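The values are calculated or read from the model by the stated rules, or taken from the named source; none is laboratory data. These numbers were taken from a predicted model, which means no experiment stands behind them. Note that we place each Cβ from the backbone using ideal geometry, even for glycine, and neighbour counts take in every protein chain shown. The area values use the complete protein model at the heavy-atom level, side chains included, leaving out ligands, DNA and RNA. Shrake-Rupley method; radii C 1.70, N 1.55, O 1.52, S 1.80 Å.
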Amino acid sequence: MTTTTALHDLTVAQLADLLHARKVSALETAQHFLTRAQAHASLGAFLDFNEEASLRQARAADLALAASRGSATPTLLGVPLAHKDIFVTRDFVSTAGSRMLAGYRSPFDATVVAKLAAHGMVTLGKLNCDEFAMGSANENSAFGPVKNPWDLTRTPGGSSGGSAAAVAARLVPAATGTDTGGSIRQPASFCGITGIKPTYGRASRYGMVAFASSLDQAGPMARTAQDCALLLSAMCGPDPDRDSTSLDVPAEDFTRSLNEPIASLRIGVPTEFFGEGLTDDVRAAVDAALKEYEKLGAKLVPISLPRTELSIPVYYIIAPAEASSNLSRFDGVKFGHRAAQYADLTDMYKKTRAEGFGEEVKRRIMIGAYVLSHGYYDAYYLQAQKIRRMIADDFQQAFKQCDVIAGPVAPTVAWQLGGHGNDPLADYLADIFTLPGSLAGLPGMSLPVGLGANQMPVGLQLIGNYLQEARLLNVAHRFQQATDWHLARPEGFGA
Ligand code: GLN
């Protein structure tokens, strides 16, 4: 375990122990992962490296580790990670997967990036994602798709596809992601890793390039629930001066209750998550996971989330509405791309935006502007807001009967790259199980629970009530103590 060849097989917790015991240095660790990430560049997971900055951070971590000798508990000091390219970073280019921001350098670090750096984590680079986090397959990135390490002809999911692929391929022990409608949970499921999206407002959105501000939330992606707990503890906390929607809830140690028994746990199983459209292979893996929970002493309680289907039209009205407003800042004046030639100011705006934005982003700006327009606002946007509230209320009804909710993350395993052709609706429909929790602002996670069709990973989604992240991580951790699906690895990316 102490040889560098196996370093990439270690979890965050194991690496932290090794670093703490000074059996390996942060510098060696960073170099090992950088070499590996560069060797697997063809996966398309990374968009930017800055070796000098990474090694500088690693050296600083080594100094801090030497100084902390004797302290009882290992920390995240010296553990490497990479960030979804939706987070702005001073030392790395920040593109949000868009041509609009190609080559853009931010003057500051996103709060989440700064917090993880303050814990001594070493940033190895930036990870590919769908343009402005809009997508479910990472195919909307202006910088090319990402390949799923389990099958290079398949999507890693999206929009945090680079994060999921990098963790699954062991190019990094952990990564950040963001989830607006499922972008942490779905790629985690498609790549056989663990990821958690906390309660809306838990983590600061400062420095996260905004997509839909009432939904966007940051979270960690790693191989185990324990690793996610370690990272999430460092990421969360109020940021009142910079994100007015950040919750006034103190940072929490999410590892503290990982081992709590789940013998009296009531798991709500929503009927609507198991209807038509769910493929047999995913259903079988999810059912087997639920049976495992019964073996661990949990009780399954059938529940109903009656407006599950409505979450698709509601989300695809609200998210584009917010996006159309957020993206108005990309006008060629303040940030990024500007058309080379134009007749006047209006022409400059038009050409800049026509050149800088990809097809899906333009589609959403148009949908958003339409649903917010005079005459349609009441019919679409206002209605959607009302149903959003009802969806949130449905969850509160359900949580009277259960402690957590469990079901599939997505109706299928990862599909073929290009598999949805030019049909954006096919992507939208596949979001059906992640959107309800997002609209309600609830914490949700995905953990690997089996292999489905074509030996592709299947994730189990766990949804908790507000601020119940510790409970979710505990429930996931107990499963990972009892089973070894989280150890399954894509062939060709092993030791
Ligand atoms: N697939 C959803 C969308 O395209 C969710 C994306 C996300 O969570 N960022 O909007």
Restricted to region 77-93 and to residues being open to solvent by less than 10 Å² (accessible area, probe 1.4 Å) and aliphatic (A, V, I, L, M), the residue nearest to the chain's Cα centre (by Cα) is 86
Review point. Taking the condition assigned to a loop (DSSP other than H, G, I, E, B), touching a strand residue (DSSP E or B) at 6+ places or on another chain (Cβ under 6 Å) and either touching a residue at least 12 places away in the same chain (Cβ under 8 Å) or open to solvent by less than 60 Å² (accessible area, probe 1.4 Å) (or both), does residue 285 pass?
Key: no
Considering every residue within region 196-205, establish whether at least one is β-branched (Val, Ile, Thr) and either within 16 Å of the ligand (Cβ to nearest atom) or touching a His at 6+ places or on another chain (Cβ under 7 Å) (or both).
yes
Notebook entry, point to check: If you go through region 483-492 one residue at a time, do you hit one that is within 15 Å of residue 290 (Cβ to Cβ), surrounded by 23 or more Cβ atoms within 10 Å (Cβ to Cβ) and in contact (Cβ under 8 Å) with a residue 24 or more places away in the chain?
Noted result: no
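Test residue 246 against the stated conditions and say whether it is outside any strand (DSSP E or B), free of Cβ contacts under 8 Å to residues at least 60 places away in the same chain and either of a type in the set (Lys, Arg) or surrounded by fewer than 24 Cβ atoms within 10 Å (Cβ to Cβ) (or both).
Criteria met by residue 246.
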Only one of 87, 92 is of a type in the set (Phe, Trp, Tyr) and within 16 Å of the ligand (Cβ to nearest atom), namely 87
Scanning region 344-389 residue by residue, those hydroxyl-bearing (Ser, Thr, Tyr) and outside any helix (DSSP H, G or I) turn out to be 373, 376
Given (1) surrounded by 14 or more Cβ atoms within 10 Å (Cβ to Cβ); (2) part of a loop (DSSP other than H, G, I, E, B); (3) hydrophobic (A, V, I, L, M, F, W, C), residue 263 misses just (1)
Of the residues in region 206-218 that are touching a strand residue (DSSP E or B) at 6+ places or on another chain (Cβ under 7 Å) and in a loop (DSSP other than H, G, I, E, B), the one that is nearest to the ligand (Cβ to nearest atom) is 216
If we keep only residues of region 365-389 that are of a type in the set (Ser, Thr, Tyr) and open to solvent by 60 Å² or more (accessible area, probe 1.4 Å), then the residue nearest to residue 435 (Cα to Cα) is 380
Flagged in region 305-335 as polar (S, T, N, Q) and either open to solvent by 60 Å² or more (accessible area, probe 1.4 Å) or touching a Leu at 6+ places or on another chain (Cβ under 8 Å) (or both), in numbering order, are 311, 324, 325, 328
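Restricting to region 35-50, name every residue that is touching a helix residue (DSSP H, G or I) at 6+ places or on another chain (Cβ under 6 Å) and part of a helix (DSSP H, G or I).
36, 43
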Pairing a residue in region 317-346 that is closer than 27 Å to residue 431 by Cα with any residue that is at pLDDT 95 or above and part of a loop (DSSP other than H, G, I, E, B), where Cβ atoms lie under 6 Å and the two sit 6 or more apart in sequence or on different chains, gives 319/212; 321/372; 322/212; 322/213; 323/211; 323/212; 326/210
Those helices (runs of 4 or more DSSP H) completely within region 99-193 that have 3 or more residues that are within 13 Å of the ligand (Cβ to nearest atom) and either open to solvent by less than 10 Å² (accessible area, probe 1.4 Å) or modelled with pLDDT under 95 (or both) are 161-168, 185-191
**Asked** Within region 213-229, is there a residue that is open to solvent by 60 Å² or more (accessible area, probe 1.4 Å) and closer than 14 Å to residue 406 by Cα?
**Response** no
Condition check: modelled with pLDDT under 95, within 29 Å of residue 426 (Cβ to Cβ) and either open to solvent by 40 Å² or more (accessible area, probe 1.4 Å) or not in a strand (DSSP E or B) (or both). Does residue 272 satisfy that?
no
Residue 478: passes all of (1) under 21 Å from the mean Cα position of the chain (by Cα); (2) within 25 Å of residue 285 (Cβ to Cβ); (3) open to solvent by 10 Å² or more (accessible area, probe 1.4 Å); (4) not β-branched (Val, Ile, Thr) but (1)
